[in-house]
Amino acid sequence: MSTSPPNPTLPRKCSDCKKTFILPTSCVVCPLCLQDDNFMAMTETEFLNQPLKEVEDHKDDSSDTTLFTKYRGAKLYRKPRHPGRIIETAFLSGVKLPRGTYVPNILHNSSLSGIQLEAAVHICQRHTQKIGNGATAGFLLGDGTGVGKGRTIAGVIRENWSHGRKKSLWISSNSILNLDVRRDLDDVGASSIS
């Protein structure tokens, strides 16, 4: 006996921006234009007759089936703007990130971009939680190249220090990155941390 997944994905077209996305049925927000409840159902034939390709820029033909879309972080953290172009899969963009409830002491006064600040807030929020054995909960930061994981981590370390949490362990597969770690700590105003 086979059961369908609890959250199947279906091709749906946004009635506003006319882009097609393969999204879970629970997704109600268009990942591109951010409109709620704006999807038109598509038949399998309609979907299969559309060209399927990776889209790097949304300025081209609006009939494309989009696999990637520009990352749009929480509105609270849109400034300062990130210098690079950040994308995510259209599938992931349909999942709303939980609202960050952590109020940072000093992160807003650092040189983190809005995207880096958003990640740092979620990491710090997770660090306020304890797991079963009483240890501080961890966080996996899986950002790709160019997002600034090092600077985000440096911001988290600086924030933790402001709360008296002075133990940090930064592991890297490359010892040459020690200079980058120092640069990132200096960039976020944590030059006194060694």
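Out of residues 5 or more away from PHE68 or on other chains, whose amide H comes under 5 Å of its own, with H placed 1.01 Å from N in the peptide plane?
Result for PHE68 returns VAL55, ALA90.
What residues have an amide H closer than 5 Å to that of ILE87, excluding those fewer than 5 places away on the same chain, when H is modeled at 1.01 Å from N in the peptide plane?
So ILE87 has HN proximity to TYR71.
HN-Hα J couplings of segment 147-162 from phi, Karplus 6.51/-1.76/1.60, θ = phi - 60°, integer Hz, Gly and Pro as x?
7, x, 4, x, 5, 4, 5, 4, x, 5, 4, 4, 4, 4, 4, 5
Once both labels are modelled 7 Å past Cα along the beta-carbon direction, what's the GLN129-ARG81 spacing in nm?
Reported label-point gap for GLN129 and ARG81 is 3.4 nm.
Read-outs throughout are calculated quantities, based only on the coordinates presented, and are distinct from any laboratory measurement. All of these numbers come straight from a predicted model, not from anything done at the bench. Positions of Cβ are generated from backbone atoms using ideal geometry, with glycine treated the same way; all protein chains shown enter the neighbour counts.
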